[in-house]
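Read the structure below first, then the notes.
Every number in this text was worked out from the coordinates using simple rules, so none of it is lab data. Since the structure is predicted, the reported quantities are computational estimates derived from the model, not experimental observations. Cβ placement follows ideal geometry from the backbone for every residue including glycine, while neighbour counts extend to all protein chains displayed.
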Amino acid sequence: MINQTSFKRLILRAVLRHVSPMVIRQVSVSDQVSLPEFNDIFCAILGWGGNLGYIFRVHAQEFNSFRRATRCKALNEFRLYRQEKLLYICDTLHMWEWDVQVLDIQEGVCQECAWSRRAMLYLRWWLAHRDRPTGVDFKLPYAADPVTER
């Protein structure tokens with residue numbers, strides 16, 4: 001018998017502060033994702049490497065990667081609601097400030113969250129190995145790439 005646990009999927013919109021033109025990213029994550037995992041996912045989406053820390057400001061409280069007591073909170077512990085905003089500072093060396101807004105909360109059922117765990121393992125592997133030379137030079141074809149449209 002497969003255990004099925006319920007979870008909620010958060011659709012988040014992140015807008016980088018103090019830049020022009022605007023930088024906006026939309027991400028969908030499980031509410032069971034911890035703050036360090038969210039930081040890893042978001043940095044991977046941006047293509048940023050290294051772990052220079054993070055800060056979350058939610059409900060007039062600050063949670064960061066430097067204090068052990070607040071480091072491992074999960075998103076579901078904040079009981080976020082639609083249209084709620086929070087501040088996420090990625091890369092505390094350069095203080096990139098992101099306004100994150102909850103666009104939608106969707107119900108879901110996860111079969112022991114196997115896919116989430118597998119995705120996190122692949123993400124950690126990719127972060128560890130992405131800068132290593134493979135000896136293989138390849139280019140992914142994109143629809144907007146004029147070379148591949150011929």
Region 22-74: relative contact order as a whole-number percent, Cα under 8 Å and 6+ apart: 38
Test of understanding: ordering Ile89, Ile11, Ile24 by Cβ neighbours within 10 Å, fewest first, what list do you get? Ile24, Ile11, Ile89
Quick note on Trp98, Trp48, Trp125, ordering by fewest other C-beta atoms within 10 Å, gives Trp125, Trp48, Trp98
Order these by the 10 Å Cβ neighbour count, fewest first: Tyr54, Tyr81. Tyr81, Tyr54
